[in-house]
1. About its Cα centre, how strong a charge dipole does segment 44-189 have in debye, to the nearest 20, once Lys and Arg get +1 and Asp and Glu get -1 at the Cβ?
2. What's the long-distance tail for segment 29-171, i.e. % of Cα pairs beyond 17 Å?
3. What number, in nm² with one decimal, is the all-direction average of the projected area of the convex hull of the alpha-carbon atoms of segment 272-318?
4. Using Cα atoms only, what is the angle between the long axis of helix 390-408 and the major principal axis of the chain, expressed in degrees (0 to 90) to the nearest 10?
5. Once each part is reduced to its C-alpha centroid, what is the distance from segment 239-267 to segment 314-348 in angstrom?
6. Set the Förster radius R0 to 56 Å, insert the Cβ-Cβ distance between T301 and K103 as r into 1/(1 + (r/R0)^6), and round the FRET efficiency to 0.05.
7. Rank S17, S298 by accessible area, highest first, at a 1.4 Å probe radius?
8. Tell me, how many Å apart are the Cα centres for segment 361-388 and for segment 290-311?
Amino acid sequence: MVSQATSQNQLFGESVSISGTTYETDTMTNVTPKILEKVGKNLHNRKKHPLNLMRWRIQNFFNDNFLKGRTPVFSVHDDIKPVVTLEQNFDSLLAPADHPSRKPTDSYYVNSSYMLRAHTSAHQRDMMKSGLDAFLLVGDVYRRDEIDATHYPVFHQVEGVRLFSQRELFSNVADPTGLSLFEDGRKTDHKQAIHTMESAKLVEHDMKSSLEKMANHIFGKDIESRWVDAYFPFTHPSWELEIKHQGEWLEVLGCGIMEQEILKSAGVDHKVGWAFGIGLERLAMKLYSIPDIRLFWSEDTGFMSQFDVDDVNTPITYKPISQFPQCSNDISFWLPDGYSENDFYDLVRTIGGDLVEQVSLVDDFCNPKTQRHSHCYRIVYRHMEKTLTQKEVNVIHEAIQQQAADLLGVEIR
């Protein structure tokens with residue numbers, strides 16, 4: 001089998017340039033040209049774009065509701081480049097050594113030292129080290145994933161962090177005498193070992209009330225919401241906020257009380273804090289009834305003009321430009337040792353680009369005599385702006401078959 005990393009070096013040679021910086025490639029390199037085309041697009045900063053509208057809805061909420069005098073408490077950072085070290089993306093956030101997100105099948109590696117960030121949380125520690133104790137991070141993030149109408153290898157997040165000193169956290173307590181942020185205690189489902197129950201509950205209350213108000217600001221004051229217990233390596237306790245939208249429960253964001261070890265590494269271990277992360281595409285698809293995540297990358301004026309509004313709170317329901325027909329072809333092959341579905345998905349994206357609407361596994365076969373496994377995938381093609389002919393699709397499909405054999409070592413059936 002030809003490794004995915006080796007195939008990348010065939011594409012890039014000994015180095016790859018990203019955002020004006022050159023990085024050496026090595027055996028961990030698995031970024032693709034198609035993915036790197038998205039770096040620097042910064043859809044969240046593009047005026048009149050649905051992700052920009054969504055970002056400003058969130059930012060305006062914090063600007064209007066958290067003020068010190070007339071100055072917003074939360075600073076905003078929306079142009080940090082997406083290449084980070086593995087230490088920033090994983091270790092600084094306490095991701096276990098065996099966490100699935102570390103695998104090359106799940107993340108995009110520039111080389112064995114650098115990667116495209118998998119979350120905006122990768123910058124948390126650096127921002128706190130710089131002296132910030134209330135900030136929003138907005139940016140593009142990259143994850144290797146399946147291919148369908150709701151998943152894309154590049155999406156956009158807003159990250160929020162707020163820290164409190166002892167004086168700030170207990171400022172509204174009538175008699176704070178004897179209260180403390182920290183203790184030499186025991187970790188429970190409700191708090192970290194180092195936090196007192198009083199500080200944990202006050203931070204939780206501040207976070208939940210703030211984020212519930214934000215959800216009401218975005219989706220309306222009468223929206224029904226609920227908190228669901230969750231797990232994240234970098235917060236404890238952790239929760240997800242869900243809202244009832246069009247009769248279904250929708251996960252809006254993940255959040256929690258920041259692990260004190262992270263604050264200690266940033267030099268602010270005398271404070272406590274909360275953090276949240278929210279995906280812009282997920283919210284925009286629901287709020288604007290956008291059916292396909294690929295549309296966010298469309299240059300079609302019929303799409304973009306629908307979001308040309310002066311007030312970001314203007315109600316918008318997306319109206320389909322046109323529904324062009326699908327074309328679908330199947331590909332079946334025997335699997336080599338070490339096969340990864342995400343390697344195949346990346347290859348399909350590299351060759352087919354956004355013409356590929358969906359890839360689904362339709363058959364998983366094991367030969368009872370030889371114990372060899374084969375997969376059959378159905379690849380659905382659809383152009384967002386015109387009708388594709390079967391002849392055009394066949395050319396792309398044949399290229400996928402050839403490259404899968406050459407680069408992944410599969411045996412076409």
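1. Dipole size: approximately 560 debye.
2. 65
3. The number I arrive at for segment 272-318 is 4.5 nm².
4. Tilt of helix 390-408: around 80 degrees.
5. Their Cα centres are 30 Å away from one another.
6. 0.90
7. Largest to smallest exposure gives the sequence S17, S298.
8. Cα centroid of segment 361-388 versus Cα centroid of segment 290-311: 31 Å apart.
The values are calculated or read from the model by the stated rules, or taken from the named source; none is laboratory data. Predicted, not measured: the structure shown is a model, and the values here were computed from it. Virtual Cβ from ideal backbone geometry, glycine too; neighbours counted across all protein chains shown. Calculation scope for accessible area: heavy atoms of the full protein, side chains included, ligands and nucleic acids excluded. Shrake-Rupley method; radii C 1.70, N 1.55, O 1.52, S 1.80 Å.
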